[in-house]
Structure formats: structure tokens, C-alpha cells
Amino acid sequence: MTFLPPPKARALIGDFSDWERDPIPLAGPLTLEFPEGAYVEYAFLDEEGRPFPDPDNPERADNPWWTYPRAIRLPGFRYEAPPEPQAEPKVARHRLGERRYYVAETGPYPRATVVAQDGVAFYRTAGLHRVAQALLEAGEIPPVRLVFVEPIDRNREYRFHEGYEAEFHRVLEQVEKDHGPLGEVVLVGASLGGLFSLWQALRHPERFPKVLALSPALKAHPGGMDAYRDREWLLEQYAEAQRLPRIYLEVGLLEWLLGPNRRFAALLADRKAPHAYRERPSGHNWVTWKQALAPGLGYLLGTV
């Protein structure tokens, strides 16, 4: 794929450059090789290092946090669109102190509760509640309750933060008080949210027996803040744990977390832990993660 930089572009960034970590300097057109059928999100940097969108590409990336990434689908790209429901679950908005969270149910007497970090993104961008409703209507999963928990400072809270852990458990206690028993709990998270979900399942295996982890930010350790260079502390803990959760794990081929996630999947395989693992020809983004919701929920909650 050849990038044709506009006049003010001085560098190229994207999942393939780890975004802010390794901008690629530009002196003219630049050709990069990607996996067959790749989905690529990218942007340019100006001379002051500020990101801006490609003015010649109108296709915006489906990104809830940044407005500047643009997207390109290479020949052979196949998007596995999440199923669409006939009816959409109603979502109730709640607060516990400053913490916002949302609750939805796909049917009466839910047998399980699906709890997502980065709640607003999984609700508005990913439509997790709609995917769960569609799977219920198709007879592929039982009725579930969905809880979307919104972070206040995700970069701090999701990195093994015991203060947020305690507040997260209080949110679940309040949900149980207001809506009834949680039943079996499935934790869902992407990137740092996936890291927190895997950590919670390790610390509380009886309460959190299943995890849907999407590109979990496994380059992390307690006290660390460098998502690219920190050691893979959680893998060390999983290697020594007596009990492991059931895990559905996905990652993109274009992201810096590919290696850590491959090592984590290999660890689960070596320990014969129940898991499913998949790689997609895309990056650390919501196009990758939205495609994982239906197969992930089916694997963890499937009735077949």
C-alpha cells in the first residue's frame, strides 16, 4: 500500500507504527506491506507532531476516542459483521458516586451477566447489547444481563489498581441489589480493559470464571506505565496460578501487542486451559474488536 502524503505531512502513524511510539518519517510517497485483506487505520503528523487526517481519504475510522484516523480496506478484506437483533434491549443509566454504568437485559430471568470495561464504547461503538440480543434471538446464547462500566481514568484504573477494583466490585453489588442475582459472570475488555478483566479473573476465579479479552494490554506490571516496554507481569501470574478462567482471546496482526498475546495464548495452550484464540488482519481498533463479540459470546455462553 502506498501512502501519498499531503504537503504538511512530516510523518505517518497507525497501528503498524504503534501510533505515537514510532512515527515513520516522510520525504515523499511511502510503500508498506500489509497482510492480505488487511484493514488499516492511519493518520499523518505535521511538523509540530500533531496528528491530522488524510485529506484525500473520506473514510473515517470507527474510533470513539480519536477523530483523525482514516481507514483503508485492502483487497480481500472481509468484515464479519456482528448480527443484528430484531428488538433492541433497553438500557438503564446509573451512577454510583462519580462512576457511571449502564445496565441492559436481553430477556427475563438472565442466567449470566456480561460486564464490560470502557462501558460507553462497548455500548455506543460496539453495540455489545445488540449483539447479545441477536444471539439470544438465534438461540445461540441464553438471556443475559449486560453491565457497561465507564472508567474515570482508565490509564490508571485498569493497571492493577486496587482502589478501582474495590469500586468495581461495589458497582456489581449495586447491580445485584437493583436487578437481581448476577449468575455466571463474563468479563469483557479491550486493550487496558482486557488487562483489568484478565487480572480480576485471576484474583477472583470463583466470581469471574470467563473472560472475553480483546487485544489485552499485556505489556504491563504493577507500578508500570509504559504500554510498550513494561514486562508481561500478568503472564507470569497465569503461569503459576492453580485455577485459570475460560478465555476467548483475539488480537490484530498489525498491533504491537501481537507478540504478548501470542505468548499468552501459547501459555494457555501449554497449561491446557479452556480457551479460543484468533488473529485478524487488522490492528488495535474497534473494527477488530467488534468482529470478536459474537464468536466470543458464543464460545463463552453458547447453548449448543
**Asked** Just checking, which of Leu12, Leu30, Leu26 is in contact with a Pro (Cβ under 6 Å, 6 or more places away or on another chain) and either surrounded by fewer than 19 Cβ atoms within 10 Å (Cβ to Cβ) or not assigned by TED's automatic domain parsing to the domain that holds Gly252 (or both)?
**Response** Leu26
**Request:** Being touching a helix residue (DSSP H, G or I) at 6+ places or on another chain (Cβ under 8 Å) and aromatic (Phe, Trp, Tyr) is the filter; apply it to the stretch 269-304 and report the residue that is surrounded by the most Cβ atoms within 10 Å (Cβ to Cβ).
**Result:** Trp286
**Item:** Some residue of the stretch 273-293 being acidic (Asp, Glu) and over 23 Å from Gly37 (Cα atoms)
**Value:** no
**Asked** When residues of the stretch 89-109 are filtered for being buried (at least 19 other Cβ atoms within 10 Å of the Cβ) and of a type in the set (A, V, I, L, M, F, W, C), how many remain?
**Response** 2
**Failed item, numbered, when Leu136 is tested on (1) crowded, with 22+ Cβ neighbours inside 10 Å; (2) out of contact with any Ser or Thr (no Cβ under 7 Å at 6 or more places or on another chain)** = (2)
**Prompt:** Can you name the condition, by its number, that Arg60 falls short on among (1) surrounded by 16 or more Cβ atoms within 10 Å (Cβ to Cβ); (2) free of Cβ contacts under 8 Å to residues at least 24 places away in the same chain; (3) basic (Lys, Arg)?
**Reply:** (1)
**Which numbered condition Phe44 fails, given (1) part of a strand (DSSP E or B); (2) within 21 Å of Leu257 (Cα to Cα)** = (2)
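Okay, residues lined up against (1) over 26 Å from Arg78 (Cα atoms); (2) small (Gly, Ala, Ser); (3) touching a helix residue (DSSP H, G or I) at 6+ places or on another chain (Cβ under 7 Å):
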| position | (1), (2), (3) |
| --- | --- |
| His221 | yes, no, yes |
| Glu232 | yes, no, yes |
| Gln237 | yes, no, yes |
| Ala241 | yes, yes, yes |
| Tyr248 | no, no, yes |
| Val251 | no, no, yes |
| Leu254 | no, no, yes |
| Gly259 | no, yes, no |
**Request:** Sort through Ala61, Ala116 and tell me the only one that's at pLDDT 95 or above and within 26 Å of Pro281 (Cβ to Cβ).
**Result:** Ala116
**Residues that are in a strand (DSSP E or B) and among the small types (Gly, Ala, Ser), drawn from the stretch 62-115** = Ala71, Ala92, Ala104, Ala112
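Conditions (1) among the charged types (D, E, K, R); (2) modelled with pLDDT of 95 or more; (3) over 24 Å from Leu198 (Cα atoms), marked per residue:
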site: Arg95; (1), (2), (3): yes, yes, yes
site: Arg99; (1), (2), (3): yes, yes, no
site: Ala112; (1), (2), (3): no, yes, no
site: Tyr123; (1), (2), (3): no, yes, no
site: Leu128; (1), (2), (3): no, yes, no
site: Gln133; (1), (2), (3): no, yes, yes
site: Glu137; (1), (2), (3): yes, yes, yes
**Message:** With part of a strand (DSSP E or B) and of a type outside the set (Ser, Thr, Tyr) as the only criterion, which of Val171, Val185 stands out?
**Reply:** Val185
**Item:** Only one of Lys219, Lys210 that is farther than 24 Å from Leu146 by Cβ and in contact with a Lys or Arg (Cβ under 8 Å, 6 or more places away or on another chain)
**Value:** Lys219
**Pair list, Cβ under 6 Å, 6 or more apart: the stretch 33-51 residue on the phi < 0 side of the Ramachandran plot, other residue part of a strand (DSSP E or B) and among the charged types (D, E, K, R)** = Tyr39/Arg73
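Table: residues versus (1) surrounded by 17 or more Cβ atoms within 10 Å (Cβ to Cβ); (2) under 18 Å from Tyr164 (Cα atoms); (3) in the same structural domain as Arg159 (by TED's automatic domain parsing).
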| residue | (1), (2), (3) |
| --- | --- |
| Arg203 | no, yes, yes |
| Pro209 | yes, no, yes |
| Leu212 | yes, no, yes |
| Ser215 | yes, no, yes |
| Asp230 | yes, no, yes |
| Gln237 | no, no, yes |
| Pro245 | yes, no, yes |
| Leu249 | yes, no, yes |
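Go through the stretch 51-71 residue by residue and tally those that are more than 18 Å from Asp18 (Cβ to Cβ) and not aromatic (Phe, Trp, Tyr).
Selection size over the stretch 51-71: 11.
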**Item:** Any chance Ala266 is of a type outside the set (S, T, N, Q), over 29 Å from Pro64 (Cα atoms), surrounded by fewer than 16 Cβ atoms within 10 Å (Cβ to Cβ) and without any contact (Cβ under 8 Å) to a residue 24 or more places away in the chain
**Value:** yes
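The values are calculated or read from the model by the stated rules, or taken from the named source; none is laboratory data. Just so it is clear, the model here is predicted, and its values are computed rather than measured. Cβ sites come from the backbone with ideal geometry, for glycine too, and all protein chains shown count toward neighbours.
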